[in-house]
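Presented below is the structure to which this report refers.
Just so you know, all these numbers are worked out from the coordinates, no wet-lab data involved. Every value quoted in this text rests on a predicted model; they were computed, and no experiment measured them. Every residue, glycine as well, gets a Cβ built from its backbone with ideal geometry; the counts of neighbours run over all protein chains shown.
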Amino acid sequence: MARFEMNASEMASMGGDNRADTFCEMGLMYATGRGCDIDLVSAHKWLNIAAIKGSDRAAELRADLAQTMTKMQLAEALRAAREWMTIH
């Protein structure tokens, strides 16, 4: 799945019009296990990035997902999103 993540990230950082939608779809992919193992930390990370990029849907999904996660998982997801935003 890292290949998809990298390709989508590269595409999004090129300034495509649907960056937030791409990140939201990545979050949903990890949240539901569509094509990969379920990974709530990665799901929250990508939904958070999508919300930052302006997706209201991602913000709602992120809030719902956060209610099912531990504080440790949330902290890890927030760190990962912050790190990604710093690099990109």
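So the values come out like this:
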| read-out | value |
| --- | --- |
| Around ARG57: net Lys/Arg minus Asp/Glu count, Cβ-Cβ under 13 Å | -3 |
| Sorted peptide list for 65-77, 21-33, criterion being average Cβ within 10 angstrom, highest first | 21-33, 65-77 |
